[in-house]
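Here's the structure we're looking at; comments come further down.
Throughout, read-outs are computed from the coordinates displayed, never taken from laboratory work. All values derive from a computational prediction rather than experimental measurement. Every residue, glycine among them, receives a Cβ derived from its backbone with ideal geometry; neighbour counts consider all protein chains shown.
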Amino acid sequence: MGLRIEVTGESGPEYAYELSFDEIAAAEDEDSVVDWLGLSVIVPAESVARLQGATLDLPSNGGPGMVLRNPNRPNPLAGIDIELTGEVPERISTLLEKVINPSLAQHGGFAELRAWEEPRAFIKMGGGCQGCAVSSITLRNGIERTLKDQIPEILEVVDVTDHAAGTNPYYEPAAK
């Protein structure tokens, strides 16, 4: 048996994965089969490029399970017809409006540019993002990553949100 790791789609700014145990003999010729600490890991051929450079590790806090650290990210502009032109603030606003805010709107939130002071973009989050427990993760792994990847002049994104003033932060209860 081996651990099969497959990229099954996208979840915001990250890939979504499926992990399962599978017979090593079931691996296709094009699949990658590697040894990790005595455990065979099977990566289907169509997932190899998206997992290039990824590492499988144990949690740093000593908890149960495994952690997949993948330096690769989906292209946030894939399938979106967008042209980034104009000055930096215009390009930031276009990305927020066309790429970032539609995703945030699914949770009742939004982000807006409050100021541009080269090389920093000052972003305010609102709606379901204001006061949300994972807003800092959304800012760093979603908003900041997208802005910096698409607009090289941005070296830092600063959160200027008053999260304590949030009145309706997004909260999704755990499934029962």
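Taking the Cα centre of the chain as origin and charging only Cβ (+1 Lys, Arg; -1 Asp, Glu), how large is the dipole, in debye to the nearest 20?
Values: 13 positive and 28 negative charges, 144 e Å.
Result for the chain is approximately 700 debye, rounded to the nearest 20.
Hey, fewest Cβ within 10 Å first, where do H107, H163 land in order?
Numbers: H107 18, H163 15.
Ranked by crowding around the Cβ, least crowded first: H163, H107.
Between the stretch 95-140 and the stretch 42-56, what is the separation of their alpha carbon centroids in Å?
For the stretch 95-140 versus the stretch 42-56, the Cα centre distance is 30 Å.
Normalized C-alpha radius of gyration of the chain, against 2.2 N^0.38 Å?
On the way: Rg = 19.4 Å, N = 176, 2.2 N^0.38 = 15.7 Å.
Cα-based Rg divided by the globular estimate yields 1.23.
Starting from the Cα-Cα distance between R120 and E87, subtract it from 0.36 nm times their residue separation and give me the gain in nm to one decimal.
Details: separation 33, 0.36 × 33 = 11.88 nm, distance 1.40 nm.
Going from the current span to full extension adds 10.5 nm.
Of all alpha-carbon pairs in the stretch 1-46, indicate the percentage at a distance above 11 angstrom.
For the stretch 1-46, the share of Cα pairs beyond 11 Å comes to 66 percent.
In the stretch 1-37, which residues have a backbone nitrogen under 12 Å from the label point lying 7 Å from R145's Cα in the Cα-to-Cβ direction?
10-16
Report the percentage of all Cα-Cα pairs in the stretch 37-110 whose separation exceeds 20 Å, rounded to a whole percent. Working shown, then result.
Values: 1545 of 2701 pairs.
When every Cα pair of the stretch 37-110 is considered, 57 percent fall beyond 20 Å.
Using the count of nearby Cβ atoms within 10 Å as a rough guide to exposure, how do E144, E46 rank from fewest to most? It would help to have the intermediate numbers written out before the result.
On the way: E144 19, E46 11.
Ascending Cβ contact count within 10 Å gives the list E46, E144.
Using the Kirkwood radius over C-alpha pairs as Rh, can you work out the diffusion coefficient of the stretch 88-165 via Stokes-Einstein at 4 °C, viscosity 1.567 mPa s, in µm² per second?
Working: Rh = 12.2 Å.
The Stokes-Einstein estimate is 107 µm²/s.
Can you put V134, V34, V7, V88 in order, fewest other beta carbons within 10 Å first? List each step's numbers first, then the result.
Numbers: V134 14, V34 11, V7 21, V88 18.
If I rank by nearby Cβ atoms, fewest first, I get V34, V134, V88, V7.
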